[in-house]
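First up is the structure itself, then whatever we jot down about it.
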Amino acid sequence: MRPVFADTFYWIALTNPRDNHFQDVLRFDDLISESGVYTTEEVLAEVLAFFAADTWLRSRAVQTVREIFSDPAVQIVHQSHASFLSGFELYASRPDKACSLADCISMQTMRNAGLTAVPTNDRHFEQEGFHALFRNS
């Protein structure tokens, strides 16, 4: 399997055993551990924000992010002014789409890294020409 880009959907499902996609993502995680995973600090910030209000899940999210930082199979693309501007330009150029700025930064990161697959159910990635691996689950 080729490297993939893990967006917020993926890390949320992997963090929360009660998530509808937890089992599917867990199985997929075993498959991609050898091929490599990309993500961004912006995605990790979204994950932490998503779980902020639930004490138990917040703690699990902190643990997940710490594990991501220590996993040699995960390449974390750091936040920068250039990545913000690149994502912002995509965001600004798509006024008819509902994708977030973090998604736009992720899409630009994927383009820069030559990635085409993302384990997500987010249709916005498909609208930009990427393969959303969990759209049919």
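The values are calculated or read from the model by the stated rules, or taken from the named source; none is laboratory data. Everything numeric in this text was worked out from a predicted model, so none of it was measured. Glycine also receives a Cβ, built like all others from the backbone with ideal geometry; neighbour counts cover every protein chain displayed.
Things worth noting here:
- Test: residue in the stretch 28-46 that is of a type in the set (V, I, T), over 20 Å from G114 (Cα atoms) and surrounded by 15 or more Cβ atoms within 10 Å (Cβ to Cβ): no
- Residues satisfying the stated conditions in the stretch 47-83, i.e. crowded, with 16+ Cβ neighbours inside 10 Å and assigned to a strand (DSSP E or B): V74, I76, V77
- Members of the stretch 71-124 that are over 18 Å from E46 (Cβ atoms) and β-branched (V, I, T): T116
- Near pairs, Cβ below 7 angstrom, 6+ apart or cross-chain, from the stretch 3-28 (free of Cβ contacts under 8 Å to residues at least 12 places away in the same chain) to any residue that is assigned to a helix (DSSP H, G or I) and among the hydroxyl-bearing types (S, T, Y): none
- Test: residue in the stretch 27-42 that is of a type outside the set (F, W, Y), in contact with a Pro (Cβ under 6 Å, 6 or more places away or on another chain) and at pLDDT below 95: yes
- Within the stretch 29-66, the residues that satisfy the criterion of being in contact with a Phe, Trp or Tyr (Cβ under 6 Å, 6 or more places away or on another chain) and in contact (Cβ under 8 Å) with a residue 24 or more places away in the chain are Y38, V47, L57, A61.
- Under the condition of being among the aliphatic types (A, V, I, L, M) and in a loop (DSSP other than H, G, I, E, B), the residues counted in the stretch 1-23 number 2.
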